[in-house]
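Input: a single structure, listed below in structure tokens.
The values are calculated or read from the model by the stated rules, or taken from the named source; none is laboratory data. Keep in mind that what you see is a predicted model, and the values were worked out from it rather than measured. So basically every Cβ, Gly included, is an ideal-geometry build from the backbone, and we count neighbours across all protein chains shown. Surface accessibility is based on the protein's heavy atoms, side chains included, excluding ligands, DNA and RNA. Shrake-Rupley method; radii C 1.70, N 1.55, O 1.52, S 1.80 Å.
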Amino acid sequence: MGYGDRRKIIHLYKDMSARDLLVRRSTNSKGDTSWELAPLLQAAQQGEMAILDGVHRIPPETLAVLEPLMQDRMISLPNGWQLLRSDRWEAIMEEQGLGEDEMHALGLLRVHPSFRVVAIAAPPSAEHDWLTTENASMFSFHRLEPLEEEVNEAVLREMFPDAAPELVHAAAAMAREFEKLKGEPVLEGSSISLSLRQLIRIVRRSSSYPQDFVPALERSMMMPFLPHSIQESVLRVISKVTSSVPLLSPQSSGGGGGGDFELQVGEERVKIGEVEMERGEPRTRSLVPDVVFHDIPQHRRILQDLMKDLISGEKHILLIGNQGVGKNKIVDRLLGLLRLEREYIQLHRDTTVQSLTVSISLEGGIITHGDAPLVRACREGRVIMIDEADKAPLEVVCILKGLLEDGSMILSDGRRLERNGGR
């Protein structure tokens with residue numbers, strides 16, 4: 001169809017209102033607020049493809065607001081503007097003898113003929129039947145079945161040709177076994193499964209470090225946070241699959257453990273045990289953390305684990321722990337050892353999407369708007385530390401999810417962040 005990068009991904013969330021889907025308020029450099037089209041209608045006006053990610057999360061009545069746009073390509077907005085079908089808009093402009101700017105001044109906007117919508121959702125269920133008769137008439141439906149074991153294995157082999165064949169087979173077999181577990185009464189109501197994304201992460205890590213296959217699997221399954229009865233079922237599956245594969249040592253990732261965690265810091269490289277990484281050459285030395293840190297075996301083990309993730313190609317890492325266990329210190333220590341520049345943001349319940357992307361400051365008595373740390377980190381290739389991520393509102397988490405998973409984020413001023421190769 002030739003859309004290429006002419007697409008907008010809109011991540012939907014539970015508390016999203018109908019107005020959030022259509023229009024939003026924005027603030028200019030002078031502090032004045034005005035209405036502007038939301039990303040969905042920007043795509044409609046510019047002839048782009050809009051991808052609605054998570055349609056099942058929003059209330060059915062909110063989704064129903066889009067019915068006139070989807071079926072008639074016309075919609076009236078809360079601020080009085082109207083989007084009209086392309087031929088209707090051109091006919092009014094010709095009848096009234098108006099120009100394009102005059103039509104916009106009247107609040108009459110055009111839906112581009114190339115505008116398309118693709119919606120992504122989880123299947124409806126008895127507990128959450130979001131697919132009403134009204135919403136069903138808006139889309140042409142295609143159901144995607146879970147990938148078969150052979151398909152998973154073929155994808156993993158293509159992505160990781162150097163990985164041991166028995167390792168790739170074990171990962172695909174693990175996904176199949178977890179699908180079988182869903183029928184057990186003890187797992188009723190739980191969502192124990194391995195997605196292709198999780199399998200890719202597991203194989204990526206264990207292709208370089210085969211002994212980490214089981215720890216990587218346990219982390220993907222969030223094992224420490226599962227009920228004890230479900231943990232037993234998961235461990236039974238792990239033992240069943242790995243017992244016949246000598247390459248994979250079924251050791252738990254929990255506990256302090258032993259091992260070689262000696263730290264050696266050279267001018268150009270850092271080594272912890274057998275894991276070694278090059279040190280960076282920062283352009284802004286002041287952004288490289290330099291903290292007081294007391295090296296103990298437990299923390300060196302975690303640092304080594306983080307280095308393995310980075311070496312394996314992981315770009316996003318989540319540290320979970322109680323308050324005061326040293327999460328920030330460990331990250332700062334790692335970045336200091338590797339000489340990597342760091343930006344920092346702390347989220348809280350009042351964090352907004354705008355504050356996530358725009359930094360407001362007072363310079364010479366004038367309010368100025370600049371890029372927030374998150375945007376600066378994306379632009380300059382720095383590490384961004386997002387502290388207290390669990391306290392952020394749902395809409396902020398959805399925006400971050402889009403950036404991490406899809407490498408794409410629409411900024412509040414209309415700009416768009418894209419991963420390398422995108423616009």
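Hey, got the dipole for the chain? About the Cα centre, +1 on K and R Cβ, -1 on D and E Cβ, debye to the nearest 20?
Working: 50 positive and 63 negative charges, 125 e Å.
Using only the charged Cβ atoms, the result is roughly 600 debye.
Quick check for you: which residues of segment 378-405 have the amide N under 13 Å from the point 7 Å beyond the Cα of Ile320 toward its beta carbon? Residues 390 qualify, since their backbone N sits under 13 Å from the label point.
Projecting the Cα atoms of Val396, Ile92, Leu319 onto the charge dipole of the chain, computed from C-beta unit charges around the Cα centre, puts Leu319 farthest toward the positive end. Backbone phi angles across segment 331-347, fed through the Karplus curve with coefficients 6.51, -1.76 and 1.60 (θ = phi - 60°), yield HN-Hα couplings of 5, 4, 5, 4, 5, x, 4, 8, 6, 10, 6, 10, 10, 9, 9, 10, 8 Hz in residue order; Gly and Pro are listed as x. According to the Kirkwood relation over distinct C-alpha pairs, the hydrodynamic radius of segment 304-356 is 13.2 Å. Taking 45 Å as R0, compute the FRET efficiency from the Cβ-Cβ separation of Glu268 and Ala18 and round it to 0.05. Approximately 0.20, to the nearest 0.05.
Treating the beta-carbon of each Lys and Arg as +1 and of each Asp and Glu as -1, no other charges, what is the dipole magnitude of segment 1-119 about its Cα centre, to the nearest 20 debye? Present the calculation step by step, with values, prior to reporting the outcome.
On the way: 14 positive and 17 negative charges, 101 e Å.
Once rounded to the nearest 20, the dipole reads 480 debye.
When Arg6, Arg88 are compared by accessible surface with a 1.4 Å probe, the order from highest to lowest is Arg88, Arg6.
Extension gain for Gln82 to Ile120 (0.36 nm times residue separation, less C-alpha to C-alpha distance): 11.0 nm.
With the alpha-carbon atoms as the only input, what is the per residue convex hull volume for segment 67-156 in Å³?
Spelled out: Cα convex hull of segment 67-156, divided by residues, is 172 Å³.
Could you work out the relative contact order of the chain, using alpha carbon pairs under 8 angstrom and six or more residues apart, expressed as a whole percent? Provide the component values of the computation, followed by the final result.
Working: 573 pairs, mean separation 51.0, N = 423.
Answer for the chain is 12 percent.
Let me make sure I get this right: for segment 134-217, a, b and c are the square roots of the gyration tensor eigenvalues over alpha carbons, sorted descending. Under 1.5 in a/c it's rounded, otherwise prolate if a/b > b/c, else oblate. Which is it? Don't skip to the answer; put the middle values down first.
Numbers: a/c = 2.65, a/b = 1.57, b/c = 1.68.
The shape class here is oblate.
Using R0 = 35 Å, the C-beta based FRET efficiency linking Ser195 and Ser286 works out to 0.30. If the segment from Glu363 to Gln211 were pulled out straight at 0.36 nm per residue, it would be longer than the present Cα-Cα gap by 49.3 nm. For Arg279, nonlocal amide neighbours, meaning residues 5 or more places apart or on other chains whose placed amide H falls under 5 Å from its own, are Arg269, Val270. Remark: segment 325-381 carries 52 Å² of accessible area per residue (probe radius 1.4 Å; ligands, DNA and RNA excluded).
Rolling a 1.4 Å probe across all protein chains gives Ser137 an accessible area of roughly 60 Å². Over all projection directions, the Cα-based convex hull of segment 254-350 averages an area of 7.6 nm².
Under a model in which nothing but the beta-carbon of Lys, Arg (+1) and Asp, Glu (-1) is charged, segment 242-393 shows a dipole of about 140 debye around its Cα centre. 3J(HN,Hα) couplings calculated from phi for segment 305-310 with the Karplus curve 6.51 cos²θ - 1.76 cosθ + 1.60 (θ = phi - 60°) are, in sequence order, 4, 5, 5, 4, 4, 5 Hz; Gly and Pro show x. Farthest towards the positive end of the charge dipole of the chain, among the residues Ile384, Ile9, His142, is the Cα of Ile384, using unit charges on the Cβ of Lys, Arg, Asp and Glu. When restricted to Cα atoms, the chain yields an Rg and a Dmax of 25.2, 81 Å, respectively.
At 1.4 Å probe size, with the rest of the protein present, what percent of the exposed accessible area of the chain is carbon and sulfur atoms? Write out the running numbers ahead of the final one.
Values: 11890 of 23550 Å².
Carbon and sulfur together cover 50 percent of it.
Each part reduced to its alpha carbon centroid, segment 59-76 and segment 329-388 end up 37 Å apart. Which of the lysines could be linked to Lys182 by a straight reach, that is with a Cα gap under 18 Å, when you skip same-chain ones fewer than 8 residues away? Partners within reach: Lys240. Between rounded, prolate and oblate, where does segment 74-217 land on the alpha carbon gyration tensor, with a ≥ b ≥ c its root eigenvalues, rounded for a/c under 1.5, else prolate if a/b exceeds b/c? Judged from the Cα gyration tensor, segment 74-217 comes out prolate (a/c at least 1.5, a/b above b/c). Note that segment 55-62 has calculated 3J(HN,Hα) couplings of 4, 5, 7, 8, x, x, 5, 6 Hz, one per residue in order, obtained from phi through the Karplus relation 6.51 cos²θ - 1.76 cosθ + 1.60 (θ = phi - 60°); glycine and proline are x. Put simply, the amide H of Arg416, placed in the peptide plane, has neighbours under 5 Å in Leu411, leaving out anything fewer than 5 places away on its chain.
Proximity of backbone amide H atoms, modeled 1.01 Å from N, is registered between Ile192 and no other residue at under 5 Å, excluding neighbours fewer than 5 places apart on the same chain.
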